[in-house]
Every structure is written in C-alpha cells, then in structure tokens.
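The structure appears right after this line, and notes come after that.
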Amino acid sequence: MAKVVGIDLGTTNSLVAHVSDGVPVVIRDASGDGLVPSVVSLAEDGTFFVGREAQRRLLTAPSRTVYSVKRFMGRSLDDVRDEARMLPFAVHQAAAPEGTDGAHGGGVVRIALGDREFTPPEISAFVLRELKHRAEEYFREQGEFDFEVDRAVITVPAYFNDAQRTATRDAGRLAGLEVLRIINEPTAASLAYGLDAKNRGTIAVYDLGGGTFDISILKVEDGVFQVLATNGDTHLGGDDVDLLLMEQIIDAIGSPGLPGEAVQTIRKAVIQAKIELSEQDTTDIVVPPVLGLPNGFRKVLTRAAFEALIQPLVDRTLAPCRAALADAGLTPVDIDEVVMVGGSTRIPLVRRAVEELFGRTPHTGLNPDEVVALGAAVQADILVSGRREMLLLDVTPLSLGLETMGGVVSKIILRNSTIPASGREMFTTAVDNQTAVDVHVLQGERELASDCRSLARFRLRGIPPMPAGLARIEVHFQIDANGILSVAARELRTSIEQTIEVKPSYGLSEGEVEQMLIESFEHAEADFEARLLIEARNEAESVITATEKSLRRPDLAEIAATELPEGELARIDTALHALQAVMPLGDREAIQASTQALNDATQRLAEVAMNRAVRGALAGKNVDAV
Ligand code: ADP
Ligand code: MG
C-alpha cells in the first residue's frame, strides 16, 4: 500500500497532511506539534538535524545551520545576491552546466553548511524527508504496516516561476517522493475551505507568514481555480514583528552589543508574548537571566501598545492588496471570499485590517498555518482517488518567447495566460543554405533578449540547404499543469524535430538530479553509519565511566577478597584497557564488542555493589517504611 500526502513547504515552517475518511488532517508529532521549522543543520560528525532541533542549533552552530532556503529555490546568484547578504550563511554560484547560458548567471546556487555545500533543492529535500518520515511514523502508529509514503502534492507561492517550481519538484524527487502536482498555496487554502464547491466567485487569499507576505486574487468557476493576480512583499512577516519588539526591549535595557545568546533569549521571549497577545489583552514579556543580562528583564505589554507598534507593518500589506485588485481589474466589493493564511494572521489587528479593506469577514475557521497543507492533502486525495476531476488553473507570471533577428524577443505565451497553455510561431532561415537554427528561449516582459532571462538554448539541425526564407520552422511552446515548459522546434518540409523540457540555466540538469539522488543515498548510509558510531562511543564512554567509578570504591579490596572470584579485578582491568584502546579507532563493531566484554567482566562487581547499596539504604529503616 502506498500513501499520498499534501505538503506545505514553507519559508519558515513546513507541514504534512493527509485525508483520512474524507477529512484532511495535519500529521503531528507525539507532542501534538504539526509544524516542522524549515531549518537544516549539519553537525561536525556528519549528523543532520532538521526542524526544531536544527532551529535550536541556529544559536549554537550558526555556520552549520541554514534556514529560509525557499528564498533560493530555482534562483541564480544574481537573483538572490541581496537576499544572501541578509542571511548569515555563505551562498555561492556553481559553474553553469554545459549547454546553458552562463551570461545570465547560469548554474545553481550552493549553500555552505559547515564544510559541505548543498543546492537549495537538496536542503529542502532534508525537510521533505523529515515530513515523509513523520507521516510514516504516524501511519505505523495507526497500526498500518507495509506501506510507503511515496507520493505528494507540494505547494508553492502563486508567483513562483518555472525554475522555482522545477526546483521544488526536484526537491521532492531527492526526498524519494513522486510529486503528483505542484499547486499554488492560495489555491490549496481555498480548497481547504471547500471554496471549489462554489459555482463562481472571486477569492482574495491574504498570506502573512514568518518572512513573506503574499496576496492572491483567485477566480473559481465550476470547480476550476484561476489565479487572476498576485502581489506581495518578500520581506514582510512575523519576523519583522519580532524585530520591532526586540528593538524596544534592547532600547529599554540600554546595553548595546548584547551577546548573541542574550539576543536569542529576548527573541524567544517576545515571540511568546506576541503569541499570547493574539489571545489576551495583556501579557508579560519575561526574559530569563542569561549571559550579558544577568538580571533578566520583565515588561508588561498591552495589546493596545503592541498594535500601535506594529500598525505600520500591517499597513504595509495593504498597498500590495490594492495593486493585486487593480491588476485583476477588480475593486474590494468584487471579492466574495477572503481567506487568511499564515501564522501572523492570528494577530487580531491583521484580521481587522483585512476585514476593513475587503469589507467582509475573512475565513479563519481553520488554523491559518495549517490550511495550505490541508488543501494540498485534499488535492492529493482528489488526484489518486479520481473522485473528482479538477483542474487547477494557474497563470504564467512572465511572458515566454524566442530570440529572433537582431536580438529582439518574439513572445509566444503572454504573461498571465492561464495554464496549461501553448503557443506556436513560424520562423524561417535568414541566409541561403542555412542548415541549422538556434532556438533561444527567454522569459520576461522586455523587448530585447539581453534584458530578459535566458531559460534555454538549443539548436535545430539537419535543415536541407535551401534559399533563405524557404524553410518553414515551427516553434511550439507548451506549459503543463505544473507550470513546466517544454519547447519543440520542427522544420515542416522535412519534419526534422527537436524538443526539450526547459530546465532553466539556473535550475538543475537531469544529470545533476540523478547524481544528487545517488549521492543522497550514499550519504544517507554514511550518515546513518556515522550516527551508529557516535552512539556506540557514547555507550562505551558511559560503561568506562561507571567501571572507573567502581574501581575507586573505598571497599573495593574488601569486596574482591570476600565476594569476587580470584583474579576478577585483573580481568576487569584488562577489559577496560581493551575498550579504551579501541575507542579512538573508527571501528564501530570493535567498540561494541569491547563494550560488551567490559560489561560482562564487571557484572559480578556491579551486582555486589548494588546489593551493598540496597542494604545501605535499608539500614536504619524498618521494613514497613520501605
Ligand atoms: P511560513 O509560511 O513563512 O513558513 P507560517 O505561516 O508558519 O510561516 O507563519 C510563521 C509566523 O507566524 C511566525 O512569525 C510566527 O511567530 C507567527 N505566529 C504563529 N502563531 C502566531 C500567533 N498566535 N500570533 C502571532 N503570530 C504567530
Ligand atoms: Mg506559508
């Protein structure tokens, strides 16, 4: 049995959900927590940490811990240079893969994690693997065995371009998941609220997360969603709220240059207070004593004061909302439904501002940080059960075209076309006896090829020599339901044809993905072995410590003389030295065997020690008391 899940791969947090008896539910860990922070950390010994544990390591091992990787998915270094400056980890550009256009920043970015480097899809794959693992644990606990979570629907922001979607799909593959469909986050949220059941309507999806704000205007008609417009701010979210509160506290404390640990402790305290203020009118910000802040800090914060502080941030979300409405040719009264997404929309002031702008009460019945994953699960269920045929239409965020004579772009699929989409155009040869033409695929709104983004180049060869202008070359663009582009060029007189799936020059090539898959399997094994070795060493350490402690007992000589067989202490000593000798070697099995031998050798001594301890504890107490 194979299982399908829906995944919200977020900038700050990720979640996995599935449909059980027709109802979508978020899969939680034992403590009831559904969120997996999108953070990955690599320990010196090669162990990977993902989620909460990795998040804790942001403080202790910042150079080995990465977050916000979604910002880098499918992007070139040029795209993310400013972004990278704001983040504490190193981001490099790999060389452009062969056959792609390096001039446009070709090659995939690589992020340093300790002494290794990873591409954004590889890092996202760690998060996805964690979610897959979490889901498998969950199904096992439900008493289901013999299955694998092998397929998923993954969500992306509506504005994600071809390269970003492809990178997300690659991440899924690297994590061992067949990605059934990439769907838009606002569409998923609308699905979770069942808005696909409407005959027709216009939906505004307001998504304020940890570090990003997105507004999407969707149209739904007969179960078909279409994105009419998107807008937002890629640097606006809950993190900014946290920063404002932190600044206020650091000002009040009046000691600049606090150590990192103190700053992180303050961050934790303000997040706690912020979350409380979503439910209550007043709260205490409590910063416990920490290095650099020996007396801690305490301050009462009312919701009114909090709202005054963050009002400018909330206001900053309104202009993009108006712009999206204008792009869609709509005004607020045209909006039938408003859906709230993202943890930061739990803030009452945010809800009020949105309600005021659109003049209607937003949907808030589902957890705003879970609603996207729930919708993804619904879509996954629809796809595998065949219960309902549902198209999820989407629009291309940028125009797609070809470079023609003189470096001019000829647009073939226009911006905001609904997908799946296709377009074709006829070309001919420019010089006599030309036997090949270069096809250069571009994305962007500008007129000159040099101002647009180069997606791919290929060459149609084998055109029979003929006078210029006689060849009839048809170029066909096709964008599939996932927003992935393929381009075919054909000479109609001879029917020679060339097709490529456009892997943008800053995406991963098929070969690279294959290689990463192999490496990730190899490393998975190496990582696992590394972990086993660490565990074996830890176990050995504790047995050594316990043995050394026993050997220091003041009554040792007396025990040996009265209660142990002849030569027992010498045998223990030999076993102890044998284990100490194998410890520095990387041989796990030898360490385990020697640990076992030492355990056996000390068994009787341990029993005697135990008996004496019990007798000692009982001495002076009557039996009833025990
Ligand atoms: P993303 O989509 O960016 O991955 P989420 O939708 O999970 O992020 O939102 C995370 C943000 O929501 C964080 O800044 C977090 O502090 C904030 N948040 C979560 N719960 C609350 C709450 N009850 N009140 C205010 N903010 C909250
Ligand atoms: Mg989100």
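Quick rundown of the values:
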{"read-out": "Apportionment of accessible area to carbon and sulfur, the chain, percent (1.4 Å)", "value": "51 percent"}
{"read-out": "Anisotropy class of the range 183-278 from Cα gyration tensor, a/c 1.5 cut", "value": "prolate"}
{"read-out": "Total formal charge among the other residues, if their Cβ is under 13 angstrom from that of Ala601, Lys/Arg +1 and Asp/Glu -1", "value": "-2"}
{"read-out": "Estimated Rh, the chain: Kirkwood, alpha-carbon pairs, angstrom", "value": "28.3 Å"}
{"read-out": "Cα long-axis angle, helix 588-601 against the chain (0 to 90 degrees, to the nearest 10)", "value": "20 degrees"}
{"read-out": "Relative contact order computed over the chain (Cα-Cα under 8 Å; 6+ residues apart), in percent", "value": "13 percent"}
{"read-out": "Simple label model, 7 Å out from Cα along Cβ direction - Val408 to Thr47, nm", "value": "6.4 nm"}
{"read-out": "Extension gain (nm, one decimal) between Glu144 and Ala613, 0.36 nm per residue minus Cα-Cα", "value": "164.3 nm"}
{"read-out": "Those lysines that a straight Cα-Cα span of less than 29 Å connects to Lys549, excepting residues fewer than 8 apart in one chain", "value": "Lys621"}
{"read-out": "Part-to-part distance (alpha-carbon centres) for the range 550-569 and the range 407-466, which is given in Å", "value": "88 Å"}
{"read-out": "Helix-only mean residue ellipticity at 222 nm for the chain, each DSSP H run of n ≥ 4 adding -39500 (n - 2.57), per residue, nearest 500", "value": "-12500 deg cm²/dmol"}
{"read-out": "Solvent-accessible area per residue for the chain (1.4 angstrom probe, square angstrom)", "value": "46 Å²"}
{"read-out": "Thr494 accessible area, assembled protein chains, probe 1.4 Å, Å²", "value": "60 Å²"}
{"read-out": "Principal axis dimensions, largest first and in whole angstrom, of the range 425-486 by Cα", "value": "38, 26, 16"}
{"read-out": "Efficiency of FRET from Cβ geometry, Asp82 and Ser31, R₀ 45 Å, rounded to 0.05", "value": "0.75"}
{"read-out": "Long-range amide H partners of Val5 with built H, under 5 Å", "value": "Arg151, Ala152, Val153"}
{"read-out": "Out-of-range pairs (alpha-carbon distance over 22 Å; input Lys268/Lys299; Lys274/Lys299; Lys219/Lys274; Lys70/Lys132; Lys219/Lys411)", "value": "Lys219/Lys274; Lys219/Lys411"}
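The values are calculated or read from the model by the stated rules, or taken from the named source; none is laboratory data. None of the values given here were measured: they were computed from a predicted structure. Note that each Cβ is placed from the backbone with ideal geometry, even for glycine, and that neighbours are counted across all protein chains shown. Quick note on the areas: whole protein, heavy atoms, side chains included, nothing else; ligands and nucleic acids left out. Shrake-Rupley method; radii C 1.70, N 1.55, O 1.52, S 1.80 Å.
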